[in-house]
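A short worksheet on the structure shown next.
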Amino acid sequence: MHPLHWRDTQAQHLTQAGLWQPQSLNEHLQDWARAFGPRIALIEGDQQLSYRDFEHQVCCLAGGLADLGIHSGDRVLVQLPNGIAFARTLFALLRVGAWPILAMPAHREHEIQALCELAEPSAYIVAERFLGFDYRPMAERQLDLCPALRQLVIAGDVDNRGVPLATLHGAVREPEPVDPHSTALLLLSGGTTGTPKLIPRSHADYAYNAMASAQLCGFDRDAVYLAALPIAHNFPLACPGLIGALSTGGRVVFSRTASADEAFDLIARHRVTHTALVPPLVKLWLQAREWDHSDLSSLRLLQVGGARLSSDVAALVTPALGCALQQVFGMAEGLLCYTRLDDPQSVILNTQGRPLCAADDVRLVNTDGTSVAAGEVGELIVRGPYTISGYYRAEAHNRQVFDAEGFYHSGDLARWSADGNLVIEGRIKEQINRAGEKIAAAEIEQLLREHPQVQDAAVIALTDERLGERVCACVILHQPQPITLGALHQHFQSLGLPRHKWPDQLEILHSWPLTSVGKLDKRQLQQRFQCNAEPRQRYLECRVPISADPQALAAALAGHYLPQDLTLYEHQGEWSLGIGSIAQVRLSGTTVQLNVAGQCWSWPADDIPLALEKAAQALPFELWRAYGTATFELARRFHQLADMPSTRPLLQLDIPPLEIRVREGSALIRALQPAALNAAQSRVQELDAECARTLDQSLPRVAQVDIAHHDAARYCRQVESAVAQISRGDYQKIILSRKVPLEGRVDLVASYRAGRLANTPARSFIHHKGGFSCVGFSPETVVEVSAGGAVSTQPLAGTRALGRDADEEARLRQSLYQDPKEIAEHAVSVKLAFEELQPICEPQGLGVSEFMDISRRGSVQHLSSRLKGRLKPGCNAWHAFAALFPAVTASGIPKREAIAAIAEHEGGSRDLYSGCVMIADSDGSLDAALVLRSLFEDHGQAWVQAGAGIVSLSLPERELEETREKLASIAPHVRLLAVETQRAAEVQP
Ligand code: OOB
């Protein structure tokens, strides 16, 4: 007998036993529509659909799909978020007998392409966009790459190719006759291997899966199920989930995401009775409950499964959420184990329950296939009425994981508790084989969590030349105080743990990487930290006392190290100078790349904050500071506009091998090499003595800059045309800028010193890299994020000149406070910054800490406000950056339209102007200065650039005047190189 046919041999028996019903899933839906006709079946936002209407819509869509040429046995890739469109599509495909392949919204090109290659779908039904991601370009590429793919159906607006889902209305036809034992749909495996596996579930087995689960979980007509996990996953789809709720006449409420904000509101509004989560989300819900007091009293049962739930967290569920807990151990391959509703608390808190069906044949075996002794841990193998007999198109893999008796070898390690319940102890793959000693990751994780500083832990195996595998502890800390591997070793020693179980490597994270359904993704952790195999390099440090003015010394040091690539960044009383680059992180094209000493890693850039976090975590240095820039055109990525041609990466960060941080009284020198440290120390001491002696040298001549007239007429025309677009309602506000070229070669350091003396900037900087230089006196930061996750931004909008004296300044300030245009402009900017911070910050504590103060910046004064908040769990500094970039002060409102119009009016890319110069630290902090009031030089050609905010009331002359006022804070301070030095520079540009 072929092992894969074990289940087929049982068909008659299973049918006779009443476990398999002789109906297709579509026929079940028809029965439910007849039985529960006018009752509400589905709710999404304000839309509610009765069983009858839902079934009718399914029939019409099935007709439309058939008209498109989608027939019985065709595979159809479905990638839709939680919503009615998903349910309609699923059942319509079942009605025509096509096989839906249920991809998750979080899947991207890598997974989608692999699925297309494997299953050769004839159609792809996909959302237009979801959570900021536009699926259409990816889907269109699949049309070109996958020859079998004939139809693209878009739920939403079509861009170039495809048909809108909403237009698929066909005549209602008789459904195709379907064998209930045949494949109904293909689920994706939650497996840990690289390639996706497809799991063919039949009508009969899946109907049993959902309906028996509904019974076990106490679903009835009054059940209101909240689909919070992504509905393409087996758990919310059929355990009992959507299909189970429909089978009892209950209703299903769709939540777009599983965030507590959204879900709590829906639970209260629709009196939800049941829902399901994976453990990482349970923790977030429990945290949210500390301040959220939504009415969750309707909730009867929270199902938790998909990964191990610790007993401690399990114990918090009922007190915090007021509902019963059920633990679920399940798998898309079939087997479901549930704790029962009437189980004692000890079973519910400490076990993963027992099989759904008496006919589930579950065994725990040793590596040689023999059953383990009572209470011992073994690999869980299973066959049964709703467990598959083989993956789709995976013969070789099937031979490995299905044995001759038809058992599926799950790779999960489990034991039976004395009371007959399963306790999942981990996975075979999560056992670390350290020099031959087997170590269970779960055991070390539990002990790590007992350390007072550790909030959560994950332990992974990394390949090690010496040990075979080494133990890597990944931890999230309660407080961002650093913890060392040594401290963890002490902890393990005090617990009496043998030395070979102590972690060999420690990695500190701010949040966990999650799989598409929200489980901890250990594979990503392995990829991320494997390249840290070499111990991280440490900076050698020394602190030198100084007597010079820190700004003068920092500038002198920059002058000394030029023309090497460097960045000098002033913030909070410190001038931080990064010299050279030993590692580079770049965002360009579709990836974020990390280069270190000739080795390169890359991460897909469809989630830029995540990719940057991964790159940062892979840096093989301890306590690094990165210096970098972001061009204004990066904003086009964040706002789904097409890239513009550019020679510079959208974002680049460099780790310097040498750093000098100067403040009043001392300089901290940090270098990777002892020789570099010593040399820098001597340099600092020499230059400190020189700066302290010389006060101000006579700086070279001032450049001739025609800030009053250059391009003035064209600028006024641009303002006029923008005002017309604003009156037409294209956008509300736009910042248009004007470039004024300078003759001669600029002395960066002298210009910096002169400009800095005349300005009172929020930040200042010199950035020089590969023939491009920028010196700036930034009026505001785009974002400041502390190591502890405090976020702050300071929008400045509304400008007046400072005038010639204190009286004039006071008079101009008065007029600024009384100008409705300036005040409106300011208020709108503050509101926008608030809205941008909301999705990434904890709701409590997010607010405006300073409102409409005055900030004096060089030759001008501005209305300024400050907003502060705290990052939500799961968000990093780059999420804050992505939310706030570009500064509204430099783009306009709404940002997307304004950014598009800027390119149109200014005709070309802005590059660094109105982008950022920034520093980012290994502790997660980030400080990004807005590049305005700056001087630029690119391969010998220098210019200054400034803009003004255009609104409907703008007058071209006044806006031109504003650009002059702003240019006046930089242009007069530009210093040129002496003639001889210029000549030398021309020879070697
Ligand atoms: C569910 O399904 P999949 O296919 O995404 O993942 C299955 C794997 C299992 O083999 C096991 O390794 C792990 O996820 N798992 C658990 C668990 N439940 C699943 N590990 C520890 N404790 C648990 N309670 O994850 C799934 C399918 C249906 C219902 C619930 C979960």
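About its Cα centre, what dipole magnitude does the chain give when the only charges are +1 on Lys and Arg Cβ and -1 on Asp and Glu Cβ, stated in debye to the nearest 20? Please list the in-between numbers first.
Numbers: 92 positive and 113 negative charges, 71 e Å.
I would put it at about 340 debye.
Across segment 712-973, the mean sequence separation of Cα contacts (distance under 8 Å, 6 or more residues apart), normalised by length, yields a relative contact order of 33 percent.
Largest to smallest in accessible area, the residues 257, 590, 318, 484 fall in the order 590, 484, 318, 257 (1.4 Å probe, all protein chains included).
For segment 763-812, compute Rh as the Kirkwood radius over C-alpha pairs and then the Stokes-Einstein diffusion coefficient at 20 °C and 1.002 mPa s; write the answer in µm²/s, rounded to an integer. Spell out each step's value before the answer.
Numbers: Rh = 14.3 Å.
The calculation lands on 150 µm²/s.
Averaging the Cα positions of each part gives two centres, and for segment 621-643 and segment 843-913 these lie 14 Å apart.
Based on DSSP H segments of at least four residues, each scored -39500 (n - 2.57), the chain has a per-residue ellipticity at 222 nm of -9500 deg cm²/dmol. In units of the compact-protein estimate 2.2 N^0.38 Å, segment 871-989 shows a Cα radius of gyration of 1.34.
Quick check for me: using +1 on Lys/Arg Cβ and -1 on Asp/Glu Cβ, what's the dipole size of segment 712-973 about its Cα centre, in debye to the nearest 20?
Roughly 80 debye, rounded to the nearest 20.
Using heavy atoms of the protein chains and a probe of 1.4 Å, the accessible area assigned to residue 471 is about 0 Å². Annotation: residue 686 carries an accessible surface of approximately 90 Å², with a 1.4 Å probe and no ligand, DNA or RNA atoms counted. If I model a spin label at residue 477 and residue 957 as a point 7 Å from the Cα along the Cα→Cβ vector, what separation in nanometres do I get? The modelled label-to-label distance comes out at 6.1 nm. Farthest toward the positive end of the dipole of the chain, out of 178, 818, 545, is the Cα of 545, where the dipole comes from beta carbon charges about the Cα centre.
Quick one: ranking 582, 707 by accessible area, 1.4 Å probe, largest first, what do you get?
Working: 582 60, 707 35 Å².
Final ranking, largest accessible area leading: 582, 707.
Just add up the charged neighbours of residue 97: K/R +1, D/E -1, any other residue whose Cβ is under 11 Å from the Cβ of residue 97. Intermediate values should be presented prior to the final figure.
On the way: positive: 95; negative: 74, 176, 179.
It works out to a net charge of -2.
A Cβ-based charge dipole, computed about the Cα centre of segment 3-425 with Lys and Arg at +1 and Asp and Glu at -1, lands at about 420 debye. Annotation note: GluC sites (Glu not before Pro) in segment 259-350 located in DSSP loop regions with a Cβ neighbour count of at most 10 within 10 Å are 290.
What the Cβ-Cβ distance of residue 564 and residue 371 gives, at R0 = 56 Å and to the nearest 0.05, is a FRET efficiency of 0.25.
Just the number: Rg to Rh for the chain, Cα atoms, Kirkwood Rh, two decimals.
Numbers: Rg = 31.7 Å, Rh = 31.3 Å.
That ratio equals 1.01.
Between residue 72 and residue 395, the contour length at 0.36 nm per residue exceeds the Cα-Cα span by 113.9 nm.
Sparse packing (at most 10 other Cβ atoms within 10 Å of the Cβ) combined with a DSSP loop state is found for the following trypsin sites (Lys or Arg not before Pro) in segment 446-547: 466.
Projecting the Cα positions of 19, 246, 81 onto the charge dipole of segment 3-425 (unit charges on Cβ atoms of Lys, Arg, Asp and Glu, taken about the Cα centre) puts 246 furthest along the positive direction.
Can you tell me the relative contact order of the chain? Whole percent, Cα pairs under 8 Å, sequence separation 6 or more. Walk me through the numbers before you get to the answer.
On the way: 2160 pairs, mean separation 82.7, N = 989.
For the chain, the relative contact order is 8 percent.
Note on residue 157 and residue 312: their simple-model spin labels are 4.9 nm apart, each label 7 Å out from Cα toward Cβ. In segment 525-678, the alpha-carbon atoms span a convex hull of 133 Å³ per residue.
Toward the positive end of the charge dipole of the chain, with +1 on the Cβ of Lys and Arg and -1 on the Cβ of Asp and Glu, the farthest Cα among 612, 332, 457 is that of 612.
Shape descriptor for segment 439-529: Rg over Rh equals 0.95 (Cα atoms; Rh from the Kirkwood inverse mean 1/r).
Rolling a 1.4 Å probe over the protein chains gives residue 607 an accessible area of about 60 Å². Each Cα pair under 8 Å and six or more residues apart adds its separation to the average, and for segment 3-425 the resulting relative contact order is 14 percent.
Where only protein heavy atoms count, and the probe is 1.4 Å, what is the accessible area per residue for the chain in Å²? It would help to have the intermediate numbers written out before the result.
Working: 38440 Å² over 989 residues.
Counting only protein heavy atoms, the per-residue value for the chain is 39 Å².
Taking a ≥ b ≥ c as the square roots of the Cα gyration tensor eigenvalues, with a/c under 1.5 meaning rounded and otherwise prolate when a/b beats b/c, else oblate, which class fits segment 1-109? Oblate, since a/c reaches 1.5 and b/c is not below a/b.
Expressed as a whole number of Å, what is the distance separating the alpha-carbon centroids of segment 4-54 and segment 257-320? With segment 257-320 and segment 4-54 each reduced to a Cα centre, they are spaced 28 Å. Tell me the angle of helix 895-906 to the major Cα principal axis of the chain, expressed in degrees between 0 and 90 and rounded to the nearest ten. Relative to the chain, helix 895-906 is tipped by roughly 40 degrees.
The values are calculated or read from the model by the stated rules, or taken from the named source; none is laboratory data. Please read these numbers as outputs of a predicted model, since none were measured by experiment. In this analysis, Cβ positions are derived from the backbone assuming ideal geometry, glycine residues included, and neighbour counts consider all displayed protein chains. Only protein heavy atoms, including side chains, enter the accessible area calculation; ligands, DNA and RNA are left aside. Shrake-Rupley method; radii C 1.70, N 1.55, O 1.52, S 1.80 Å.
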